[in-house]
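Peer 1: My structure is below; once you've seen it, I'll send some questions.
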Amino acid sequence: MEKPPFRQIQICGVWEMKDKLGTGGFGNVYLYQHLETNEKIAVKSCRLDLNAKNKERWSHEIQIMKKLNHPNIVTARDVPEEMKNIAFNDLPLLAMEYCSRGDLRKLLNKPENCCGLKESEVLSLLSEVGSGIQYLHENRIIHRDLKPENIVLQEINGKAQNLARPFMTPSPEASQSLQLSAWTQQGQPIATPTNAPHALTSLPGANDSDSVSRLLEENQRYLTQLTSVMQETTDEQSKSIMTTLQTDEIKNVPCGTSGGVMIYFDRIEVVNMLVPSAAVDIVRNYTADYDKTLIFNKIHHELNQFCSVHTLQEVYIELFDIIDENLKLALQKDLNAMAPGLTIQAVRVTKPKIPETIRRNFELMEAEKTKLLVSAQTQKVVEKEAETERKKAIIEAQKVAQVSEIHFQQKMMEKETEKKISEIEDAAFLAKEKARADAEYYTAEKTAQANALKLTPEYLELMKYQAIAANSKVYFGQDIPDMFVDNGAFQPRIQHEEDTVSTDLLESLGKAKKTKKAHRTDSKGG
């Protein structure tokens with residue numbers, strides 16, 4: 001495990017170590033903060049395993065850093081007395097100002113910069129980097145390792161900006177003039193083909209502007225990542241340009257309504273896109289800040305035109321939802337004529353700021369409207385509930401009627417069933433009585449027929465003698481019984497008795513038929 005180059009003491013006097021910022025070719029960088037003033041500095045220490053030549057170069061770098069004084073070069077600070085004795089080796093520490101925004105690579109890796117920075121930001125960045133490089137060349141110093149990781153960003157006046165002023169950290173291999181470098185000869189490159197740019201040699205007649213141009217050309221492979229409008233070019237092909245959506249913000253736009261009320265639109269966003277084929281002409285005609293000329297001024301003009309012909313009520317409430325679309329159409333109409341290729345994708349306008357008294361009145365009006373709406377909605381709810389109850393009552397009544405109808409139908413069916421059962425029982429009874437009457441009639445008829453055949457004179461005579469024979473006593477009155485009289489005289493009486501028996505049988509049969517007929521009549525009546 002590598003031994004740390006100095007004692008990592010958390011508290012060193014009034015300085016407290018907060019974080020490890022990074023590791024370089026020569027050593028590590030730590031962040032220290034003053035406990036009383038909250039001042040922050042970056043302290044760089046040299047590794048222990050450096051050879052004598054690199055140790056000498058390390059000391060030489062510190063001397064160079066202390067001599068530099070330029071707004072675009074990281075400033076060296078005096079090492080606090082409390083830290084001078086914390087290193088394990090005899091090499092001095094390097095204290096530098098702390099750049100809180102990090103390096104340029106960190107900025108480029110943000111999602112919002114995936115397609116590159118804005119052209120205006122790139123131009124500003126290149127201008128400040130070129131100023132710092134020119135200062136180094138004027139002091140006969142070559143950077144030799146210019147890349148996004150070695151360009152750090154700082155806040156200006158305590159405000160975080162999209163692109164803070166870049167500060168360049170001279171490479172540990174930087175050397176003061178070529179005469180002090182033991183690795184190069186006059187006219188030969190200092191670095192290898194895969195390393196940093198060609199060294200800038202102090203040839204007779206070479207001026208600083210040529211050096212800056214050559215340096216920027218050699219470092220183009222790093223700077224192409226700064227923006228989408230920078231691509232590799234050759235003498236035979238034209239520069240290719242890639243554009244992306246851009247959102248411009250216009251803030252605090254004052255406008256006067258038709259009633260004379262002054263209002264302010266706090267924030268307006270305009271999303272626009274520049275067609276690559278039109279980029280060169282638009283930048284040539286309106287500079288890199290074309291959006292200020294073509295969009296910002298037009299927004300101010302259109303908003304004032306809109307507000308001047310409408311009342312505050314219309315601008316703030318009634319017509320506010322159409323302002324976005326009106327602005328978009330008006331902007332695009334002018335752009336089609338003045339800058340073809342620049343398209344407006346969307347416009348978003350926030351609610352304007354209005355005088356406080358008027359705003360309170362609007363709020364009271366909105367509150368009353370809200371109460372009215374609540375009352376109307378409450379009334380609708382009550383009406384709906386009453387309508388629901390009425391429909392429920394109707395449905396319930398219909399249900400009861402249907403149930404009653406079903407019950408009535410059931411009773412009717414029961415009565416019909418009972419009637420059918422009664423009819424069946426009556427039919428069965430009639431059939432039974434008819435069968436019984438028929439049987440009785442048949443029996444009587446057969447009996448009469450049998451008696452008619454049986455009651456012959458001979459049989460009657462036989463019955464007479466049998467009756468007399470069965471009685472041992474015969475009583476005689478004044479007259480002799482007819483049975484002892486001549487048979488010829490007895491014959492009429494026998495005939496009379498036969499007629500009487502026949503008449504009785506016929507009367508019995510007649511009564512049976514009448515009874516049967518009476519039963520049939522009763523059944524039909526039931």
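Peer 1: Once you have the alpha carbon radius of gyration of the range 358-450, what is it after dividing by 2.2 N^0.38 Å, with N set to its residue count?
Peer 2: This ratio for the range 358-450 stands at 3.19.
Peer 1: Among the lysines in the range 245-353, how many pairs, 8 or more places apart or on different chains, have alpha carbons under 16 Å apart?
Peer 2: 7
Peer 1: For the range 11-166, what are Rg and Dmax over the alpha carbons, in angstrom?
Peer 2: 16.7, 48
Peer 1: Whole percent per 10 Å bin, from 0 to the bin with the longest distance: what is P(r) over all C-alpha pairs of the range 245-353?
Peer 2: Going from the shortest bin to the longest, the percentages are 15, 48, 26, 10, 1.
Peer 1: With every atom except the alpha carbons ignored, what do you get for Rg and Dmax of the range 282-438, in angstroms?
Peer 2: Cα only, the range 282-438: 41.8, 135 Å (Rg, Dmax).
Peer 1: Applying the Karplus parametrisation 6.51 cos²θ - 1.76 cosθ + 1.60 with θ = phi - 60° to the phi angles of the range 427-440, what ³J(HN,Hα) value in whole Hz is obtained for each residue in order, glycine and proline being reported as x?
Peer 2: 4, 5, 5, 4, 4, 5, 5, 4, 5, 5, 5, 4, 5, 5
Peer 1: If you don't mind, another one. Quick query: amide H of Cys12 versus all other amide H atoms, modeled in the peptide plane; which residues come in under 5 Å with a sequence gap of 5 or more or a different chain?
Peer 2: Correct list: Met17.
Values quoted throughout were computed directly from the atomic coordinates according to the rules given, and no laboratory measurement underlies them. Computed from a predicted model, the values in this text were never measured in an experiment.
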